[in-house]
Amino acid sequence: YHAKKKGNSYLFFNDTMNRQAVKRLQIENLMRFGLKEDHFEVYYQPKMNIRTGKLTGMEALVRFITPKKGIISPGVFIPIAEETGQIIDIGEVVLNKACRDVKKWLDDGLFNGRVAVNLSAKQFSLPDLTSRIDIILQKNALPSYFLELEITEGTVMDDPNEAINIMRSLSARGIHLAMDDFGTGYSSLAYLKQFPLNTLKVDKAFIDDMKNERGRNMVDSIVTIAHNLDLHVVAEGVEQAHQIDILKTLNCETVQGYYYSKPLSKDEFTEFLKQQQSKATPSLISSKKSN
Ligand code: C2E
Ligand code: MG
Ligand code: MG
Ligand code: MG
């Protein structure tokens with residue numbers, strides 16, 4: 001009985017491994033095809049000023065829209081793309097489309113701020129990273145001022161001293177740098193001080209944990225450290241009104257999350273920008289109504 005059970009679990013294990021390998025290969029092939037056929041789209045999630053409720057920026061988030069398998073989540077395909085190296089080409093598609101869209105919103109007078117684009121570790125360590133970015137900005141006639149790059153602790157802690165050099169060359173171009181998912185990785189405070197960052201994004205896990213006092217103290221401490229280092233703070237994954245209330249008392253200035261909006265397609269985001277504009281300059285009639 002024992003041997004048979006062992007045998008079964010061995011078979012099961014083997015089968016699961018197999019299915020995983022097949023799925024990975026399937027996604028790898030879908031991505032190769034998707035890169036050729038333009039199946040990668042960019043969605044945008046607003047970043048809002050917590051006090052004014054106005055838009056301050058947006059994050060570009062890739063969406064893999066396949067004709068046969070529907071939308072495949074970044075959580076599924078990004079790790080595979082990282083391993084195969086396809087993230088480099090996907091990342092360029094995202095950067096290119098994000099620059100194109102922001103340039104259009106800028107020219108149409110709908111937006112005048114930065115778009116944040118996620119940069120993977122593989123992209124970050126490309127020897128010609130800065131010239132690749134320069135080329136994309138030039139191609140879209142977008143000044144580097146309008147770009148922000150989000151990197152994670154894992155990306156910079158691999159070789160922190162080399163990371164500082166790369167970050168300096170990006171920062172020297174006027175590109176802003178944000179530390180994404182802050183608090184989930186292994187970055188040391190000693191390095192945090194040395195990185196030429198502009199923004200710290202507090203991971204959703206900490207925002208969720210504000211339910212209890214220790215969790216609130218934790219976010220309070222992170223915001224204080226960020227401000228002491230002259231960094232902006234963005235709270236990620238904010239879903240509820242009471243989280244907004246707490247974040248206000250903790251002096252967190254910027255919020256991103258479903259509470260304000262899910263990531264939107266280019267067209268939906270254009271509508272969002274138009275709504276924001278009409279909010280910013282209310283007509284006499286609508287301001288009378290609200291009195
Ligand atoms: P991230 O950069 O930390 O992006 C934030 C993620 O949180 C997004 O998931 C967003 O949709 C989600 N989110 C925002 N607000 C809320 C909320 O209130 N509740 C919940 N439950 N989720 C919220 P998404 O788009 O699935 O992306 C997941 C991750 O995939 C990103 O995390 C980022 O690490 C990676 N990713 C996405 N697009 C790109 C890309 O273009 N390049 C690279 N290298 N990575 C990307
Ligand atoms: Mg991000
Ligand atoms: Mg994040
Ligand atoms: Mg994340």
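The values are calculated or read from the model by the stated rules, or taken from the named source; none is laboratory data. Computed from a predicted model, the values in this text were never measured in an experiment. We place every Cβ from the backbone using ideal geometry, glycine too, and count neighbours over all the protein chains shown. Please note that ligands, DNA and RNA were not included when accessible areas were found on the heavy atoms of the full protein model with its side chains. Shrake-Rupley method; radii C 1.70, N 1.55, O 1.52, S 1.80 Å.
How many residues, within the range 187-221, are more than 19 Å from the chain's Cα centre (by Cα) and crowded, with 20+ Cβ neighbours inside 10 Å?
The qualifying residues number 2.
So the check is Cβ under 7 Å with 6+ separation or different chains; which pairs have a first residue in the range 227-248 that's polar (S, T, N, Q) and a second one that's outside any loop (DSSP other than H, G, I, E, B) and within 16 Å of ligand 2 (Cβ to nearest atom)?
243/207
For the range 145-159, enumerate the residues that are open to solvent by less than 30 Å² (accessible area, probe 1.4 Å) and farther than 21 Å from residue 202 by Cβ.
146, 147 - these are the residues of the range 145-159 that are open to solvent by less than 30 Å² (accessible area, probe 1.4 Å) and farther than 21 Å from residue 202 by Cβ.
Do we have any residue at all in the range 178-193 that's among the basic types (Lys, Arg), more than 16 Å from ligand 2 (Cβ to nearest atom) and assigned to a helix (DSSP H, G or I)?
At the first step, the residues of the range 178-193 found to be among the basic types (Lys, Arg) are 193.
Next, only the ones that are more than 16 Å from ligand 2 (Cβ to nearest atom) stay: 193.
Checking the rest, the ones that are also assigned to a helix (DSSP H, G or I) come to 193.
Yes, the range 178-193 contains at least one residue that is among the basic types (Lys, Arg), more than 16 Å from ligand 2 (Cβ to nearest atom) and assigned to a helix (DSSP H, G or I).
If the requirement is being at negative phi, among the hydrophobic types (A, V, I, L, M, F, W, C) and open to solvent by 50 Å² or more (accessible area, probe 1.4 Å), which of these qualifies: 141, 178, 172, 163?
Working: 141 fails: at negative phi; 178 fails: open to solvent by 50 Å² or more (accessible area, probe 1.4 Å); 163 fails: open to solvent by 50 Å² or more (accessible area, probe 1.4 Å).
Among 141, 178, 172, 163, only 172 is at negative phi, among the hydrophobic types (A, V, I, L, M, F, W, C) and open to solvent by 50 Å² or more (accessible area, probe 1.4 Å).
If I go through the range 46-81 residue by residue, how many of them are over 14 Å from the mean Cα position of the chain (by Cα), over 30 Å from residue 277 (Cβ atoms) and of a type in the set (A, V, I, L, M)?
Total satisfying the criteria: 4.
When only residues in the range 108-127 that are among the polar types (S, T, N, Q), more than 19 Å from residue 146 (Cα to Cα) and outside any helix (DSSP H, G or I) count, which is nearest to ligand 1 (Cβ to nearest atom)?
120
Which condition from (1) open to solvent by 60 Å² or more (accessible area, probe 1.4 Å); (2) under 26 Å from residue 149 (Cβ atoms); (3) away from ligand 4 (no atom under 16 Å from the Cβ) is the one that residue 184 breaks?
(3)
Pairs please, first residue from the range 100-124 and free of Cβ contacts under 8 Å to residues at least 40 places away in the same chain, second anywhere and assigned to a helix (DSSP H, G or I), Cβ atoms under 6 Å, 6+ apart in sequence or on different chains.
That search, which allows pairs on different chains as well, returns 121/155; 123/88; 123/91.
In this structure, does residue 137 turn out to be more than 16 Å from ligand 2 (Cβ to nearest atom) and farther than 24 Å from residue 221 by Cβ?
yes
If a residue has to be within 14 Å of ligand 1 (Cβ to nearest atom) and open to solvent by 10 Å² or more (accessible area, probe 1.4 Å) to count, how many in the range 245-260 make the cut?
4
Could you identify the single residue in 85, 109, 75 that is within 16 Å of ligand 3 (Cβ to nearest atom), at pLDDT 95 or above and surrounded by fewer than 13 Cβ atoms within 10 Å (Cβ to Cβ)?
75 is the lone residue from the list that is within 16 Å of ligand 3 (Cβ to nearest atom), at pLDDT 95 or above and surrounded by fewer than 13 Cβ atoms within 10 Å (Cβ to Cβ).
For the range 47-70, how many residues meet the condition of being assigned to a strand (DSSP E or B), open to solvent by 20 Å² or more (accessible area, probe 1.4 Å) and over 17 Å from residue 119 (Cα atoms)?
5
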